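A quick write-up on the structure given underneath.
Please treat every number below as a calculation from the coordinates, not as lab data. No experiment lies behind these values; they were computed from the predicted model shown. Here the Cβ is made from the backbone with ideal geometry for all residues, glycine too, and neighbour counts use every protein chain on show.
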Amino acid sequence: MVAYLDSSVLLRYVLLGEVTLKHVQDFPRLVSCELLEIECRRVLFRCHLERELDDEGLIEAVRRLDEVIDSMDLLELGTAVKRRAMEAFPIHIKTLDALHLASALYLRNNQEPDTGNPSENITVFSHDRSFNLCARALGFRTALL
């Protein structure tokens, strides 16, 4: 079983201490694409610049982020993923969400053949309604958060 995370789930944990991530960490494998780290670090530094996080808050948020990132597999945004993200999706989604879902599709299509139905082995976690609707339309299980 694989949990694919978008940035909204990780950011709520890192910034707010939200416990949803604890449920995700019950999965044997946590996966996202390298975009997750880029998005999360940019949000943390923006929050610091806008004084939503003080110096200590930034240090703690970065520590939490690093801890989770170190426990995950981050997929590269390779050519195949970027090409798929440029194509149509069944539900309108934003560009960064398209990159995440293209990464999840890449993961599904490149799993070991003995893992049963690949779509059933990946649960996509996001707080974004459109993202979740699109993921379901693509055949993924979702955790509407």
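Take GLN111 and PHE27, extend 7 Å from each Cα along the Cα→Cβ direction, and tell me the distance between the two endpoints in nm.
For the pair GLN111/PHE27, the computed spacing is 1.0 nm.
Taking a quarter of the surface of the convex hull around the Cα atoms of the chain, what do you get in nm²?
Reported value for the Cα convex hull: 8.5 nm².
Filter the trypsin sites (Lys or Arg not before Pro) in region 1-60 to those in DSSP coil with at most 10 other Cβ atoms within 10 Å of their Cβ, and list the result.
ARG51
Taking amide hydrogens as modeled 1.01 Å from N in the peptide plane, which residues meet the under 5 Å criterion relative to LEU75, leaving out close sequence neighbours?
Those qualifying (amide H under 5 Å, at least 5 residues apart or on another chain) are SER32, CYS33, GLU34.
Under a 5 Å amide H to amide H cut-off, with H placed in plane at 1.01 Å, what residues pair with SER126 once short-range neighbours are removed?
ALA143, LEU145
Using a simple charge model, +1 on the beta-carbon of Lys and Arg, -1 on the beta-carbon of Asp and Glu, nothing else, what dipole does the chain show about its Cα centre, in debye to the nearest 20? Before the final figure, lay out the partial values.
Details: 17 positive and 23 negative charges, 123 e Å.
Roughly 600 debye for the chain.
At 7 Å along the Cα-to-beta-carbon direction for both SER71 and ARG42, put a label point, then send me their distance in nm to one decimal.
Each label point is offset 7 Å from its Cα along the Cβ direction, giving 2.6 nm.
Putting +1 on Lys and Arg Cβ atoms and -1 on Asp and Glu Cβ atoms, find which of TYR13, LEU133, ALA61 reaches farthest to the positive end of the dipole of region 2-144.
LEU133
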